[in-house]
Amino acid sequence: MLNTEVLNIDPGCMDISLIKKAAGIILAGGLVAFPTETVYGLGANALDTSAIQGIFRAKGRPTDNPLIVHVSSVSQMKHVVSGVSETARKLIDTFWPGPLTLVLEKSGVVPPEVTAGLKTVAVRMPSHPVALSLIGIAGVPIAAPSANLSGKPSATNARHVIDDMLGKVHAIIDSGNCSVGLESTVLDITGETPVILRPGAITKEHLAEITSDVQTAGDTGEEPPRSPGMKHTHYTPNAKVIVIAGPPEKVAGRISKMSLDFAKAGKKVGILATEQTSRFYKDAVVINAGDRANPETIAFNLFSALREFDRLEVDVILAESVETQGLGHAIMNRIYRAAGYNIINV
Ligand code: TXA
Ligand code: MG
């Protein structure tokens with residue numbers, strides 16, 4: 001057990017002495033959980049092999065699932081990749097800093113433990129001021145997966161990180177909630193056409209404005225996974241999750257009925273509802289995930305909601321589907337995976 005230090009850093013008025021402290025821990029080979037605009041990351045010096053091994057141990061993460069390398073400048077990015085194509089340059093100009101991870105050919109400085117032996121490396125420049133400042137002050141790229149136990153929903157506030165990582169890391173920076181709430185879009189640009197390996201807040205529609213022929217892979221559960229992380233279970237609460245998909249009124253009707261049936265069978269039921277539907281449900285743990293007209297609100301609340309159902313020890317979670325265009329694609333990708341693709345169409 002490590003003696004985990006919790007560092008409170010207000011992103012609006014950063015205490016640089018605390019950031020220096022966290023950077024010192026990183027440079028000494030330690031593990032620091034830190035906020036990004038997407039989810040909290042579990043960071044270590046990307047160039048330090050034994051620190052990287054510590055990340056995999058702390059999370060219980062399979063070693064064949066590579067990590068994202070976080071940078072605070074383009075020159076730092078150039079150090080970890082073998083070259084920057086025209087496509088990469090355009091994407092970086094448009095979307096960095098922000099929730100877009102690019103998979104590029106790696107350079108020799110990146111240890112194989114980071115990339116799980118792949119010739120490519122995933123790189124991202126987060127926009128969160130605390131993340132940028134931490135990486136900048138440390139002066140090394142920081143490898144970081146999401147700061148949750150492997151297989152669990154990602155952490156979108158420091159409470160979640162503390163629940164999963166207390167005693168396993170040297171420090172946890174608490175900077176409140178992450179503004180996006182879903183992990184970054186992972187885009188592989190090493191092939192002929194860019195491929196979305198994981199959908200996120202930078203959507204296919206956003207990417208299509210910058211680069212043509214964007215493909216999507218790995219989010220259907222049918223094709224073999226191209227991103228190593230896609231084959232592992234993810235976002236799974238303790239309860240069994242069932243997605244009910246279809247027009248919102250029909251979905252609400254079916255969920256009400258199923259909820260009654262489960263309750264009669266002695267099960268504690270959770271319902272992942274939306275602003276538009278939550279008031280219709282009775283006699284269940286109902287969480288309003290957000291407004292269908294503003295999917296950003298659902299992205300922001302989703303992982304908190306899944307963790308809250310666990311805290312309340314529900315046996316089954318009935319989850320409404322939302323429209324899959326735009327950000328809805330990333331939201332449903334996470335919900336489908338939480339449900340292990342257990343979907344009822346109505
Ligand atoms: O928003 C995020 O991306 C957060 C924050 C902390 O930056 N990080 C995050 O990391 O979600 P993680 O480890 O939970 O997810 C990284 C994903 C995994 O699906 C992994 O398989 C994929 O990126 N990945 C990493 N390196 C890759 C590579 N070289 N080729 C293909 N996929 C890669
Ligand atoms: Mg993760």
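The residue that is nearest to ligand 2 (Cβ to nearest atom), counting only those in the range 145-154 that are closer than 20 Å to ILE19 by Cα and part of a loop (DSSP other than H, G, I, E, B), is PRO145.
Specify the residue that is farthest from ligand 1 (Cβ to nearest atom); the eligible residues are those in the range 102-160 that are polar (S, T, N, Q) and more than 17 Å from the chain's Cα centre (by Cα).
Among residues in the range 102-160 that are polar (S, T, N, Q) and more than 17 Å from the chain's Cα centre (by Cα), the one farthest from ligand 1 (Cβ to nearest atom) is SER133.
Among the residues of the range 1-14, those that are open to solvent by less than 80 Å² (accessible area, probe 1.4 Å) and within 18 Å of LYS168 (Cα to Cα) comprise LEU2, THR4, GLU5, VAL6, LEU7.
Residues checked against (1) among the small types (Gly, Ala, Ser); (2) surrounded by fewer than 16 Cβ atoms within 10 Å (Cβ to Cβ); (3) within 20 Å of SER259 (Cβ to Cβ); (4) in contact with a Gly (Cβ under 9 Å, 6 or more places away or on another chain):
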residue	(1), (2), (3), (4)
PHE303	no, no, no, yes
THR324	no, no, no, no
ALA330	yes, no, no, yes
ARG337	no, no, no, yes
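For the range 161-195, a residue qualifies if it is touching a helix residue (DSSP H, G or I) at 6+ places or on another chain (Cβ under 7 Å), within 16 Å of ligand 2 (Cβ to nearest atom) and not in a helix (DSSP H, G or I), and the qualifying residues are LYS168, VAL169, VAL180, GLY181, LEU182. Annotation note: of SER82, SER75, SER17, the sole residue that is modelled with pLDDT of 95 or more, open to solvent by 40 Å² or more (accessible area, probe 1.4 Å) and over 26 Å from ILE196 (Cα atoms) is SER17. Collect the residues in the range 108-124 that are open to solvent by 20 Å² or more (accessible area, probe 1.4 Å) and assigned to a loop (DSSP other than H, G, I, E, B), keeping them in residue-number order. If the condition is that a residue be open to solvent by 20 Å² or more (accessible area, probe 1.4 Å) and assigned to a loop (DSSP other than H, G, I, E, B), then GLY108, VAL109, ALA116, GLY117, LEU118, LYS119 are the ones that fit. Would you point out which residue out of LYS106, LYS119, LYS90 is within 26 Å of ALA23 (Cβ to Cβ) and basic (Lys, Arg)? Sole residue among the options that is within 26 Å of ALA23 (Cβ to Cβ) and basic (Lys, Arg): LYS106.
The values are calculated or read from the model by the stated rules, or taken from the named source; none is laboratory data. Since the structure is predicted, the reported quantities are computational estimates derived from the model, not experimental observations. Reconstructed Cβ throughout: ideal geometry from the backbone, glycine too, with neighbour counts over all protein chains shown. For the accessible areas, the whole protein counts, side chains as well, though only heavy atoms, and no ligand, DNA or RNA atoms are used. Shrake-Rupley method; radii C 1.70, N 1.55, O 1.52, S 1.80 Å.
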